[in-house]
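Just below is one structure, and these are the notes that go with it.
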Amino acid sequence: SAGALLFDRSGRLLILEPTYKSGWTIPGGAMEADGESPWDACRREVLEETGLVVTSGRLAVVDTRPDKQTGTIGLRFLFRAVHPLTAADVAAIRLQEDEASEHRFVTCQEARKLLRPAIARRVDAAWDAAHCVYLEDGRPAAGVDQPAG
C-alpha cells in the first residue's frame, strides 16, 4: 500500500475517518496489480479520496507488515508531500463519500491517539524524520541504522 502525509501551513496532518473500518487513517490505499508504482498509487489514492493533486513528495517510511490471516509480508510506503497545503487546497478537499465520512487536521499528539495503531507508529516515525525510515510492523528494526532527523 501507499499513503501520504499532507500537512497544512500550521504543521498539522490531514487524517480521514474511513466509512469501512474503525479508527482514523491517512489518505492512501492499495497499489493496483497492473504494475502501478507506490508513488503513482499514493498520488492516485490521494486524488480519489480527497480531490487533492500531489505533485511532489519524498519517501518517508518503508514498513513491512504481516497479513493478519496468511502472515505474508506486505510493504507499506509512506510519502510526505513536499509542500504544505494552502488555504485554497484545504477548501478544495472533497471526500470520496464511500471511503471517508470526515477529515480533520491534527497535531502529532492527536494523530497518535486517533490513528489506527500500525498507521500511528508509521506516522510518528516519519513526522520529523529528515530521511526515509525503515520499519517492521511500525517499529524500528534491530540492526538497521536509522538516520537522525
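Read the figures in this text as sums done on the coordinates, not as results from a lab. Just so it is clear, the structure is predicted and the values come from calculations on it, not from any experiment. Glycine also receives a Cβ, built like all others from the backbone with ideal geometry; neighbour counts cover every protein chain displayed.
Can you list residues whose amide H is under 5 Å from MET31's amide H, if they're 5+ apart or on another chain and H is modeled 1.01 Å from N?
Those lying under 5 Å, H to H, from MET31 are ALA2.
Net charge within 14 Å of ARG112 by Cβ-Cβ distance, Lys/Arg positive one each and Asp/Glu negative one each, not counting ARG112 itself?
+2
Mind checking the range 12-98 for chymotrypsin sites (Phe, Trp or Tyr not before Pro) that DSSP puts in a loop (not H, G, I, E or B) and that have at most 10 other Cβ atoms within 10 Å?
Passing both the DSSP loop test and the Cβ count: TYR20.
Could you tell me which trypsin sites (Lys or Arg not before Pro) in the range 1-72 are loop residues by DSSP with no more than 11 other beta carbons within 10 angstrom of their beta carbon?
For trypsin sites (Lys or Arg not before Pro) across the range 1-72 that sit outside H, G, I, E and B with at most 11 neighbouring Cβ atoms in 10 Å, the list reads LYS21, LYS68.
Based on alpha-carbon atoms only, what is the radius of gyration of the chain relative to the globular estimate 2.2 N^0.38 Å?
For the chain, the normalised Cα radius of gyration comes out at 0.99.
GluC sites (Glu not before Pro) within the range 46-113: which are DSSP loop residues with at most 14 other Cβ atoms inside 10 Å?
Loop-located and lightly packed - GLU97.
Around PHE79, under 10 Å between beta carbons, what's the net of Lys plus Arg minus Asp minus Glu among the other residues?
With Lys, Arg at +1 and Asp, Glu at -1, the neighbours total +3.
Percent antiparallel among DSSP beta bridges with both residues in the range 28-142, to the nearest 5?
Bridges in the range 28-142 are about 75 percent antiparallel.
For every helix of n ≥ 4 consecutive DSSP H residues, a contribution of -39,500 (n - 2.57) applies; sum these over the chain, divide by its total residues, and give [θ] at 222 nm rounded to the nearest 500 deg cm²/dmol.
After summing the helix terms and dividing by the residues of the chain, the value is -6500 deg cm²/dmol.
Restricting the calculation to Cα positions, tell me the Rg (one decimal) and the Dmax (whole number) of the range 1-68 in Å.
12.4, 37
Please report how far the C-alpha centroid of the range 87-131 lies from that of the range 14-72, rounded to the nearest whole angstrom.
Taking the Cα centre of each part, the range 87-131 and the range 14-72 sit 12 Å apart.
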